[in-house]
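For reference, the structure is listed below as structure tokens.
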Amino acid sequence: MSIIYVCRKCKKSYSKTEYAQSKSCMSCGSFLLPTFNKKAPCLSNSPVEIQGVERAHKEEENVLFRVAEGLRERIERSKDYEIVSEKEHDTQKPPSVFESWIWRSEYDEALKFEKQMLKQYRDKTLEETFPGKVISNEQGECYEISSSCCSNFKNIVYEECRQILISDLKVLSGIGPVSEQLLKKQGYKTVEDLKCHSRLGKQAQNYIKLIDTKEVVSTQKWLWQRFPKSHPMLHYLAGFCQDHFAIIDIETLGLSERPIILLGVAKPTRDHICINQFLLRDIPDEPSAIWALIAQIDPKLSLITYNGKSFDVPYIKQRLAYYGIDAYVGNPNFDVLHFTRRALKPKLADCRLETVEKYLGIKRDINIPGALVPHFYDTYLRTKNVGPLVPIVEHNKQDLLTLGTLFSKLYEEWQ
């Protein structure tokens, strides 16, 4: 009797060597559970050896059974999302912004929509549904969907950015609100005025040097030491970047250690925003899709994300490490979630992107809750019907567009 490792979802079997390389199914990304292979032949004919082997197998079987049962229980207890009834809204506050939860009505509507998509796209191919192309790179192949649309993306100009960044004397260590007022009464209106100060001059000179050389990462680190990451000055810092941005958003099969199924990147220009989405036709396309995104992100570009510092970027790095791919993902990151919480939280029920869109007056033509993306993709894998991919691709595209709009609108909120 030998041990094999079986996927809990698609029942595909893996050897011990394959399990050592990956604890997840290469087909669907689900957990692998240790199971006895009762068909394995017994190589020994000695009664004593047979009894010893049987006892060892029985003990190992008991241990593995307990381990497997514990794992199954943890899997069943761990839900990627929670369905919340609107009737409970008055007595039960919904979970925090990035604990995935769905209103019951949204969940029911999504399932109806899924059936509609399956029917509408029953005989459609991927190419017919999403005009795009299969691309190849050193990591394999994936499907690229490109589009372009008008954009109202606006960034602050460098001159205004610089003035704001030097006007708050509290950027220097040792200066608080009281001492700032005293210094301003003495004629030190900006950090630049402090360059000749006997005590603060050296520190002021170092800060001004960062500003004048437009060192985004170094200036971010400096400001993080003095202010919370949601401070408007960290948003105004984007004036260093002119229009050199890449807005990124990913869709995954779960909250951790599951494949990324779609990676989107949008680059705003003066009047338009150009979008590239890299879609997995099946799980083995993942390394190629990630590599295709990395190729789009020049080290000189700054990223715009929504919870990207905690989720998107670390997740991409995790999947790169999983495949043993060495790639640079250390671009400056303007995480709009931090600024949104500071500027809009008092005005919103929560800071989910869908809620922010309602405040901004943005309406989605096709939408599903983000927490249901894994369910829709799983339906696509099982049925080979491209219908469930439609709302996933549209959801990702709209997230990218909304992020560009929100990034620009926040400047108005600070004023």
Per residue, in Å², the accessible surface of the range 159-226 once ligands and nucleic acids are set aside, probe 1.4 Å: 56
field: Karplus-derived 3J(HN,Hα), 6.51/-1.76/1.60, for each residue of the range 369-377, Hz, glycine and proline x
entry: x, x, 5, 8, 4, x, 5, 5, 5
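Report the calculated FRET efficiency for LYS300 and THR125 (r = Cβ-Cβ distance, R0 = 60 Å), to the nearest 0.05.
On the way: r = 38 Å, r/R0 = 0.63.
In this case the efficiency is close to 0.95.
Of the heavy-atom accessible surface of the range 159-226 (probe 1.4 angstrom), what whole percent is carbon and sulfur? Could the numbers behind the result be given before it?
On the way: 1900 of 3840 Å².
Roughly 50 percent, rounded to a whole number.
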- prompt: What area, in nm² and to one decimal, does the C-alpha convex hull of the range 247-350 cast on average over all directions?
  reply: 7.8
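Using a probe of 1.4 angstrom, how much of the accessible area of the range 320-415 is carbon and sulfur, in percent? Write down the numbers at each step before the final one.
Details: 1840 of 3940 Å².
Percent of accessible area from carbon and sulfur atoms in the range 320-415: 47.
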- prompt: Any idea how far apart SER22 and GLN415 come out in nm if each label point goes 7 Å out from Cα toward Cβ?
  reply: 5.1
message: So for the range 159-226, if I pair up every lysine 8 or more residues apart or on another chain, how many of those pairs have alpha-carbons under 20 Å apart?
response: 18
query: Each residue of the range 275-292 in turn: what ³J(HN,Hα) in whole Hz from Karplus with 6.51, -1.76, 1.60 and θ = phi - 60°, glycine and Pro shown as x?
result: 10, 10, 10, 10, 9, 8, 6, 7, 4, x, 6, 4, x, 5, 5, 5, 5, 5
message: So if I take the centroid of the Cα atoms in the range 304-347 and the same for the range 120-197, what is the distance between those two points in Å?
response: 13
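Provide the FRET efficiency to the nearest 0.05 for the GLU160-LYS11 pair, computing r from the beta carbons and using R0 = 41 Å.
0.10
Would you mind getting the Kirkwood hydrodynamic radius of the range 120-194 from its Cα pairs, rounded to one decimal in Å?
Details: mean 1/r = 0.0553 Å⁻¹.
About 18.1 Å, per the Kirkwood formula over Cα pairs.
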- request: State, to one decimal in nm, how far the label point of LYS133 lies from the label point of ARG382, with both points 7 Å from Cα in the Cβ direction.
  value: 3.6
message: With a cap of 15 neighbouring Cβ atoms within 10 Å, and only residues DSSP puts in a loop, list the trypsin sites (Lys or Arg not before Pro) found in the range 368-399.
response: LYS384
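Can you give the FRET efficiency for LYS189 and SER105, using 1/(1 + (r/R0)^6), R0 = 35 Å, r = Cβ-Cβ distance, to the nearest 0.05?
Numbers: r = 55 Å, r/R0 = 1.57.
E(calc), rounded to 0.05, equals 0.05.
Can you tell me the order of 406-412, 183-189 when each peptide is scored by its average per-residue count of other Cβ atoms within 10 angstrom, highest first?
Numbers: 406-412: 18.1, 183-189: 12.9.
Descending packing order for the listed peptides: 406-412, 183-189.
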statement: Sorted on mean Cβ neighbours within 10 Å (highest first), peptides 165-171, 332-338 come out as 332-338, 165-171
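When ligands, DNA and RNA are left out and all protein chains stay put, how many square angstrom of accessible area per residue does the range 243-393 have with a 1.4 Å probe?
Numbers: 5730 Å² over 151 residues.
Accessible surface, normalised per residue, equals 38 Å².
Restricting everything to alpha-carbon atoms, can you work out Rg to Rh for the range 341-389 with a Kirkwood hydrodynamic radius?
On the way: Rg = 14.9 Å, Rh = 12.8 Å.
Looking at the range 341-389, the ratio lands at 1.16.
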- prompt: For the range 159-226, what Kirkwood radius comes out of the mean inverse Cα-Cα distance, in Å?
  reply: 12.0
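The values are calculated or read from the model by the stated rules, or taken from the named source; none is laboratory data. Everything numeric here is computed off the predicted structure, so don't read it as measured data. No Cβ is skipped: glycine too gets one built from the backbone with ideal geometry, and neighbour counts run over all protein chains shown. Note: areas computed on protein heavy atoms with side chains; ligands, DNA, RNA excluded. Shrake-Rupley method; radii C 1.70, N 1.55, O 1.52, S 1.80 Å.
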